[in-house]
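Report on the following structure.
The values are calculated or read from the model by the stated rules, or taken from the named source; none is laboratory data. All values reported here derive from a predicted model rather than from experimental measurement. Neighbour counts are summed over all protein chains in view; Cβ atoms, including those assigned to glycine, are modelled from backbone coordinates with ideal geometry.
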Amino acid sequence: MRNKVQLIGNVGQEPEIKNLEKGKKVANFTIATHEVYYRENGDKVEQTEWHKVTAWGKTAEIVEKFVTKGKEIAIEGKLTHRSYDDKDGNKRYVTEIVANELLLIGAK
């Protein structure tokens with residue numbers, strides 16, 4: 001089995017672009033996926049999930065040029081988990097998608 005994630009959603013905020021050493025770029029942003037379904041009793045349920053996304057290199061350059069808040073996009077990548085210590089010394093855990101492909105599908 002492979003670690004593969006595919007999502008279609010709307011960008012939640014303007015992507016944060018960082019320029020790293022040797023000209024490499026990294027882009028961080030969130031996308032929201034929305035699902036609507038009905039319970040057995042007929043009640044409508046709407047659920048929105050937020051996903052952290054990181055893109056590196058050429059994919060980050062595409063994000064920088066074309067991705068804006070509200071834009072509908074499709075991403076493909078892998079699910080990753082990491083941890084870090086915050087400024088107060090508390091351990092924080094992050095689950096994110098490292099995108100290796102991106103498709104702009106929303107209106108121009």
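Of note:
- Within the span defined as the range 27-36, one or more residues are assigned to a strand (DSSP E or B), among the aromatic types (Phe, Trp, Tyr) and touching a Ser or Thr at 6+ places or on another chain (Cβ under 9 Å).
- Within the range 69-90, the residues that satisfy the criterion of being surrounded by fewer than 14 Cβ atoms within 10 Å (Cβ to Cβ) and at negative phi are 69, 78, 79, 81, 82, 83, 84, 85, 86, 87, 88, 90.
- Of residues in the range 21-39 being farther than 21 Å from residue 50 by Cα and surrounded by 11 or more Cβ atoms within 10 Å (Cβ to Cβ), the one modelled with the highest pLDDT: 25
- Filter pass, residue 54 being of a type in the set (Ser, Thr, Tyr) and surrounded by 13 or more Cβ atoms within 10 Å (Cβ to Cβ): yes
- Figure legend. Inter-residue proximity from the range 28-45: first residues on the phi < 0 side of the Ramachandran plot, second residues among the acidic types (Asp, Glu) and loosely packed, with under 10 Cβ neighbours inside 10 Å, beta-carbon distance below 6 Å, spacing 6+ or different chains. Indicated pairs: 36/46.
- Residue match in the range 49-63 (condition: part of a strand (DSSP E or B), within 14 Å of residue 97 (Cβ to Cβ) and among the hydroxyl-bearing types (Ser, Thr, Tyr)): yes
- Inside the range 1-26, residues that are closer than 18 Å to residue 98 by Cα and not in a loop (DSSP other than H, G, I, E, B) make up a count of 13.
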